[in-house]
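The values are calculated or read from the model by the stated rules, or taken from the named source; none is laboratory data. Only a predicted model underlies this, so the values are computations on that prediction, with no experimental measurement involved. Backbone-built Cβ (ideal geometry, glycine too); neighbour counts: all protein chains shown. SASA here: full protein model, heavy atoms, side chains in, ligands and nucleic acids out. Shrake-Rupley method; radii C 1.70, N 1.55, O 1.52, S 1.80 Å.
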Amino acid sequence: MTFNTFGRLFRYTTWGESHGEAIGCVVDGVPPRIPLSEADIQPWLDRRRPGQSKFTTQRQESDTVRILSGVFGGMTTGTPVSLLIENEDQRSKDYGEIKDSFRPGHADYTYWKKYGIRDYRGGGRSSARETAMRVAAGAIARKIIESAGMRVRGALVEMGGVVIDRARWDWEETERNPFWCPDAEIAAAWEEMLGAIRKEGSSTGAVIEVIAEGVPAGLGAPVYGKLSADLAAALMGINAVKGVEIGDGFAAARLRGEQNADEMEMRGEAVHFRANHAGGILGGISSGQPVVARFAVKPTSSILTPVDTIDRAGNDTTLRTKGRHDPCVGIRAVPVGEAMMACVLADHLLLARAYGD
């Protein structure tokens, strides 16, 4: 299996499976003399960690990270940073009944067709467990971009077709509810809705919005190094993501040219944009406005509701997945989306410093 590495100058390679002994990653391209310890990484992992509410999987993992290399005296050395998280709460027996059948909507069938073998215990590499290492790498990326004045935040803006009211957007509210929702009223409605979906043994999808502020103008390069293209690929590569949009995205197709135009004016010595339909990226290059991206996460494929499928012998069968699963995997995708935005920005920042691109 190839393609386990992301990025160009700032790049990381993840390894491990959902029910293996451990998961980990090696982060390369980290500049020297950046203060870094486990305490800088752990808070971001804690945001993604399972078992924190009744609305996420009840798998109990501390996700305690260890730095194995690349740091000396509390500072990065410029050599690869190796990170390790031990798996603590695997219950592989929950998956015994599906070892010969394929979960509809999951990667079971395609992994088997491609490799002739699959790790049915939680999906192996296709499990969302792998995203913990993306968050760990993202924590290092944050250190790089924060030194340049950038900040990345994410929020859940839609669940099961119920959308937030942007007039009530409150970043502080995202820290007060289990959904990372910026709208307190909608968070209460989601709690009731998702509770019912969970009791029914089903799942639902969600939309996450990630915003990067303080992004300088000039990151990204034409024609095949566009910031928007790399960001879309990064977010699309997250497990269960089925769609990505930058700025107004698909809504821009319903606008007229004068409506979509981000009109500009001078305010003193500074350029001011009157709108941000483009999501902070023009021609694949950052404009200096906030970079805004959204991605859609499908409903969790592992559900208690019986569904029709086939087995490896080509027989029709019915499958009901046991075990501990997220009724909405989009909740824990919020810190993952933040991490991928940070990794892309760190990569492009280092590229700009090195090559002017």
If I take R0 = 45 Å and measure r between the Cβ atoms of residue 172 and residue 5 in this structure, what FRET efficiency does the formula 1/(1 + (r/R0)^6) give, to the nearest 0.05? 0.80
If each residue of separation counts as 0.36 nm, what is the full-extension length gain between residue 213 and residue 265 once their alpha-carbon separation is subtracted? 16.7 nm
When averaged across all projection directions, what area in nm² does the alpha-carbon convex hull of the range 184-305 cover? 10.3 nm²
Accessible solvent surface per residue of the chain, calculated while the other protein chains remain in place, 1.4 angstrom probe, Å²: 46 Å²
What's the angle, to the nearest 10 degrees (0 to 90), between helix 333-355's Cα axis and the longest principal axis of the chain? 40 degrees
How would you order 326-334, 338-346 from highest to lowest mean count of nearby Cβ atoms within 10 Å? 338-346, 326-334
Using the alpha-carbon atoms, what tilt in degrees (0 to 90, nearest 10) does helix 131-146 show relative to the longest principal axis of the chain? 10 degrees
What is the Cα convex hull volume of the chain when expressed per residue in Å³? 153 Å³
As an exercise, use a Förster radius of 45 Å and the Cβ-Cβ distance of residue 318 and residue 185 to find the FRET efficiency, rounded to the nearest 0.05. 0.70
Run the accessible area of the range 114-228 with a 1.4 Å probe and give the carbon-and-sulfur part as a rounded percent. 49 percent
On a C-alpha basis, how far is the centre of the range 227-288 from the centre of the range 305-326 in Å? Whole number, if you could? 41 Å
Give me the distance in nm between label points sitting 7 Å out from Cα along the Cα-to-Cβ direction at residue 15 and residue 99, one decimal. 2.6 nm
Would you mind giving the average projected area, over all directions, of the Cα convex hull of the range 92-197 in nm² with one decimal? 10.1 nm²
Over the chain, the sum of -39500 (n - 2.57) across DSSP H runs of at least four, divided by residue number and rounded to 500 deg cm²/dmol, gives at 222 nm -7500 deg cm²/dmol
Taking 0.36 nm per residue of sequence separation and subtracting the Cα-Cα distance, how much length would be gained by fully extending the chain between residue 353 and residue 165, in nm to one decimal? 63.7 nm
Calculate, in nm to one decimal, what residue 148 and residue 72 gain on full extension: separation in residues at 0.36 nm each, minus their alpha carbon distance. 25.1 nm
